[in-house]
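Note sheet for the following structure.
The values are calculated or read from the model by the stated rules, or taken from the named source; none is laboratory data. For clarity, every value in this text was computed on a predicted model and none was experimentally measured. Positions of Cβ are generated from backbone atoms using ideal geometry, with glycine treated the same way; all protein chains shown enter the neighbour counts. Remember, those area values only see protein heavy atoms, side chains included, never the ligands or the DNA or RNA. Shrake-Rupley method; radii C 1.70, N 1.55, O 1.52, S 1.80 Å.
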Amino acid sequence: MSDSDGLASEPAGLEGLPPMYSIAKGEVVSVQTYGAFVRLPGYKKEGLVHVSEMSASRVENASEIVDVGEKVWIKVIGREIRGDKVKLSFSMKAVNQGTGQDQDPNNVMAEQDSRRRKQFRDHTGNRITLEAVLNTTCSKCGCKGHFTKDCFSAPGLQYALLPEDDDVAPQQPQQQTSTVAPQQDSDKKKKKKKLKRDRKCQEL
């Protein structure tokens, strides 16, 4: 039964789909970085096994675990409608891949994962984006990139950019030589005076 038939005959749009928490063996029809799509026998709708549901250990890429055409045991952990599409979520880690035995008979893991996914979706609006701050113009100093309450400039003052290190470097040796030269001259004069005094003392 197609998705459109299911939506037309039942407002929920979930008829003709595998029952929630049911276990079945399906075929991997597509592998993406984020997960694998599995088709169950007797159903036209495919379900996604996300990388987080493939193994108890961390998986970076779905191709590390499955290949197209491979038969895998899955457990249905999600059935929802988003817009005009029905989305099925499957889990491989909840089923023993050798025997097909349910590893999560009380559906504790499945409920925790679904709760985590809902919280992430609900709080996406509260995420802080730097773009909002970067595009802000401060009414105090007229510069971009910070709010007025965070501005450190005094009213009426304007700041100029400091010269780069490359520009300053050649001038530093000249200043040092000019400051060192008078010191050397004064040291020489002092030495000469001492010598003259010593000679006078010897003559006396």
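Overview of results
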| read-out | value |
| --- | --- |
| Positive-end residue, segment 34-114 charge dipole about Cα centroid, Cβ charges, pick of Tyr34, Asn61, Gly47 | Gly47 |
| Segment 58-119 - percent of accessible surface contributed by carbon and sulfur, probe 1.4 Å | 42 percent |
| Nearby lysines by direct alpha-carbon distance to Lys75 (threshold 27 angstrom, same-chain neighbours under 8 apart not counted) | Lys25, Lys44, Lys45, Lys85, Lys87, Lys93, Lys118 |
| Set of lysines with alpha-carbon distance to Lys191 below 23 Å, sequence-local pairs under 8 removed | Lys200 |
